[in-house]
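> Can you read through this structure? Questions will come right after.
The values are calculated or read from the model by the stated rules, or taken from the named source; none is laboratory data. Just so you know, these numbers come straight off a predicted model, no measurement behind them. Methodologically, a virtual Cβ is constructed for each residue, glycine included, from the backbone with ideal geometry; neighbour enumeration extends over all protein chains shown. The area values use the complete protein model at the heavy-atom level, side chains included, leaving out ligands, DNA and RNA. Shrake-Rupley method; radii C 1.70, N 1.55, O 1.52, S 1.80 Å.
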Amino acid sequence: MNNKNIIPTVNPDEIFRIMQEDAVNATIPTGWNQGAMPCDSKENISLTSLKLHCTKCNINTAGVYKHPTDTERRCPACDSLLMYCPACRHAVSATEKFSILLCDRCQTDYVTNLTVEYLASRDRSSREIILSGIRATGALHLGIYLGAIRQFVEYELGDNLCMYFIADWHTLTTCHDPRKVSSNTIAVAMDYLAAGLNPERSIIYAQSSVPEIAELALCLSMIQSKNKLEDLPTVKDMVRSGETMSMGHLQYPVLMAADILGPKATLVPVGSDQIPNVELARDLADKFNRQFGQTFTIPRVGLRTIKIPGFKGEKMGEPTDESGISLQDHLEDISDKYARFGITDAGRKTRNDPGNPDNCVSVYPVYKVLRENKPDALQIVERECLSGTRGCKECKLELAREIDELISPFRERRAVLMNQQKYVEEILHYGGMKAREIVRHTLEEVREKMGIVSF
Ligand code: TRP
């Protein structure tokens, strides 16, 4: 964590070279070398032995390395992972954190074979590579929770490689307050975790932790017409009246394409407002493939169909204004907001008039989502409203209780995470390393195909 200057990916050739320099004539304990070799090839195999010291149980032993990619061993006494650390040049015990190895001696962390194996195994057996992002504009509201994050958690439970990030660069199109950008980035990560995403299963990261995405966006922008971007509704709508269009606005969908195409995502869950952007990513992938040769997977849109209306019937928005229920609201806040702002059936004049749930602007539609799998319970609301036996006030209160019950586990976990900022930062750090490892390969391909040479 504290050594960000070191290239996070271990170059196996480099390690092997240093290992050979440091190799000692240690005796090889029996049984040490009987594990499967990562490479079956008998060619180019040289043998080096190295003194290993397990910092956990203080035992010295020797490791035999047969191949440059063969850099990890376990301590025969305590079974903890031992690694050759290229930073401190010690063969010591290492701690595994979210499939990243951390040298116990100097605390440098590396993407290693273990990481790559983890990524490959998830990748190979997975049905999909699922990717989605949320801008860091503030604490999440109920609409995003029900419409998006709940689904993210479901995807994670399947055998998919899931990548969920915080689009902090995208946030810069509309927010230039550095403190807000950084604190909201952490806040969204906390929301992801409080909603139940598991950092051992999903890769959770900040977009800006993967600079390769910016380079990929630059490359993609070379084959993207400017006129098409200017005409995109997603770009036009972002520019507020009186404001001029920035390069950032224009680049927004191209950057989003890089988010998606970098990890070669197969399925991108987004709300309907983002569809034009995913379409653009698909077009860009296709165009690149035709012009430079097969490189990108064409991603599919995983359309989110659940929409939670705000109090006036518009899409539920920022929780800071009165158009949303924050996931951190308590029962009193929720019932108060509905009581004050929630518009119901305008045709219903008095308490005993029969109402019409289909004309209810902000309450019945939420019941519909929450009681999706409880048709009987939903029908009670409908029947009582139609017959005039249920007043809007009590209907709102019951809804508030139901929402409170739904979000209370989230709220509790979120409160705990609030005091664990370091842990959340660590998750983002390791998530970023894993995402980089994935995107790096795509970028290498793109560079080569476009004729960019690394000197
Ligand atoms: N533009 C998306 C939004 O505002 C956030 C986002 C950025 C995103 N990059 C993405 C979503 C890639 C899906 C995939 O909601």
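> How far apart, in nm, are the 7 Å Cα→Cβ label points at Glu402 and Asp79?
Here the modelled spin labels are 4.9 nm apart.
> Using protein chains only and a probe of 1.4 angstrom, how many square angstrom of Met238 are accessible, to the nearest 10?
30 Å²
> Using the Kirkwood radius over Cα pairs, work out the Stokes-Einstein diffusion coefficient for the range 355-453 at 37 °C and 0.692 mPa s, in µm²/s as a whole number.
Reported coefficient: 182 µm²/s.
> Using a Förster radius of 45 Å, what is the FRET efficiency between Lys393 and Met245 based on their Cβ-Cβ separation? Nearest 0.05, please.
0.45
> So what's Rg/Rh here for the range 120-309, counting alpha carbon atoms and using the Kirkwood radius for Rh?
Ratio value, two decimals: 0.95.
> Going toward the positive end of the dipole of the range 283-367, with +1 on Lys and Arg Cβ and -1 on Asp and Glu Cβ, which of Phe292, His330, Gly347 do you reach last?
Phe292
> For Arg348, what accessible surface area do you get with a 1.4 Å probe? Give it in Å², rounded to 10.
Roll a 1.4 Å probe over it and Arg348 shows about 30 Å².
> Given 0.36 nm per residue, what is the gain on full extension from His441 to Lys287 after removing their alpha carbon distance, in nm?
Length gained, His441 through Lys287: 53.5 nm.
> So for Arg411, Arg201, what's the accessible-area order with a 1.4 Å probe, most first?
Order by accessible area, largest first: Arg201, Arg411.
> Also, quick follow-up: Quick one: order Leu284, Leu303 from most to least accessible surface, probe 1.4 Å.
Leu303, Leu284
> Distance check, please: which entries in Lys368/Lys396; Lys180/Lys337; Lys228/Lys287; Lys56/Lys422; Lys312/Lys374 exceed 19 angstrom between their Cα atoms?
Violating the 19 Å limit, Cα to Cα: Lys180/Lys337; Lys56/Lys422; Lys312/Lys374.
> For Tyr423, Tyr367, give the ranking by accessible area with the largest first, probe 1.4 Å.
Tyr423, Tyr367
> Whole percent per 5 Å bin, from 0 to the bin with the longest distance: what is P(r) over all C-alpha pairs of the range 141-224?
Distribution as computed: 3, 13, 20, 20, 19, 14, 8, 2 percent.
> Mind giving me the FRET efficiency for Arg300 and Asp273? R0 is 30 Å, r the Cβ-Cβ distance, nearest 0.05 is fine.
My answer for the efficiency is 0.95.
> Continuing with the same structure: Place a +1 charge on the Cβ of each Lys and Arg in the range 120-309 and a -1 charge on the Cβ of each Asp and Glu, then give the dipole magnitude about the Cα centre in debye, rounded to the nearest 20.
Here the size comes out at about 180 debye.
> Suppose every K and R has +1 on its Cβ and every D and E has -1 on its Cβ; what is the size of the dipole of the range 331-417 about the Cα centre, in Debye to the nearest 20?
The calculated dipole for the range 331-417 is roughly 160 debye.
> Taking amide H positions as placed 1.01 Å from N in the peptide plane, with prolines and chain starts having none, which residues 5 or more places from His90, or on another chain, fall under 5 Å of its amide H?
HN-HN under 5 Å from His90: Cys85.
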